[in-house]
Amino acid sequence: MENVTLELIHKDLEFVKRELLEIKKHMVDIDSIMTEDDYKALQEYNIEKSEGKLTSHEELKKELCL
């Protein structure tokens with residue numbers, strides 16, 4: 001059986017840290033992934049925008065007397 005020394009533990013810990021940094025570099029932010037529902041909503045938005053059906057924030061404030 002291998003003797004466990006502080007030096008060995010330290011080397012193993014450094015290895016794990018490096019591996020963790022590599023994993024973090026390749027992780028994807030879940031909020032950056034567009035779901036099918038997101039894609040459909042974006043398509044609907046683009047259609048409504050091109051048809052002039054959207055109300056701007058400023059127009060809405062005027063309509064609501066804000």
Is at least one residue of region 51-61 without any contact (Cβ under 8 Å) to a residue 40 or more places away in the chain and within 22 Å of the chain's Cα centre (by Cα)? no
Please work out if I23 is outside any loop (DSSP other than H, G, I, E, B), surrounded by fewer than 10 Cβ atoms within 10 Å (Cβ to Cβ) and modelled with pLDDT of 95 or more. yes
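The values are calculated or read from the model by the stated rules, or taken from the named source; none is laboratory data. Remember, predicted model here, so these are calculated numbers, not experimental data. Here the Cβ is made from the backbone with ideal geometry for all residues, glycine too, and neighbour counts use every protein chain on show.
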